[in-house]
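What follows is a short report on a single structure.
The values are calculated or read from the model by the stated rules, or taken from the named source; none is laboratory data. Model, not experiment: these values are computed from the prediction. Note that each Cβ is placed from the backbone with ideal geometry, even for glycine, and that neighbours are counted across all protein chains shown.
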């Protein structure tokens, strides 16, 4: 057989192409799952920071003596809800964004009657742990009897 009549096949077989496509598909699926969890954690962290800021705002208003004498400032949140409010002389409603919700509910207050110092009233079992969840990620905010507010991230224990 001469060189002219020799047929040379170049390229990849169908099986080789299918294996490469399957590997790329698996890598893409793993990446997407990882990104979704990361996005949920970032949402829970961001909303936890907002909740901690709202609690600090309430403390500042009470300690500064804003509003009428004897006005109690209350922070209220509801289980499986995305809304919370700061009650006091003026009530302000807030909403958690991007599908985040509270895991558990409760309230606590600061009495401004003793302004400028105020008295923090927490439910039994101080510190109060506020859990904000998004998907499988949860962020915790701890509020202590001393008035300290700690953004605890994914750590479920309040030190």
* From the list 63, 35, which one is within 30 Å of residue 94 (Cβ to Cβ) and in contact with a helix residue (DSSP H, G or I) (Cβ under 8 Å, 6 or more places away or on another chain)? -> 63
* Asked: Can you find a residue in the range 23-31 that is farther than 26 Å from residue 146 by Cβ, touching a residue at least 60 places away in the same chain (Cβ under 8 Å) and in a helix (DSSP H, G or I)?
  -> no
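Could you tell me whether the range 6-15 includes any residue that is closer than 30 Å to residue 101 by Cβ and part of a helix (DSSP H, G or I)? Step through it out loud before you land on a result.
So the first thing to find is which residues in the range 6-15 are closer than 30 Å to residue 101 by Cβ, and the list is none.
No, the range 6-15 contains no residue that is closer than 30 Å to residue 101 by Cβ and part of a helix (DSSP H, G or I).
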* Residue match in the range 52-72 (condition: out of contact with any strand residue (DSSP E or B) (no Cβ under 8 Å at 6 or more places or on another chain), modelled with pLDDT of 80 or more and farther than 24 Å from residue 158 by Cβ) -> no
* Structure fact -> Of 48, 87, 105, the only residue that is at pLDDT 80 or above and loosely packed, with under 15 Cβ neighbours inside 10 Å is 105
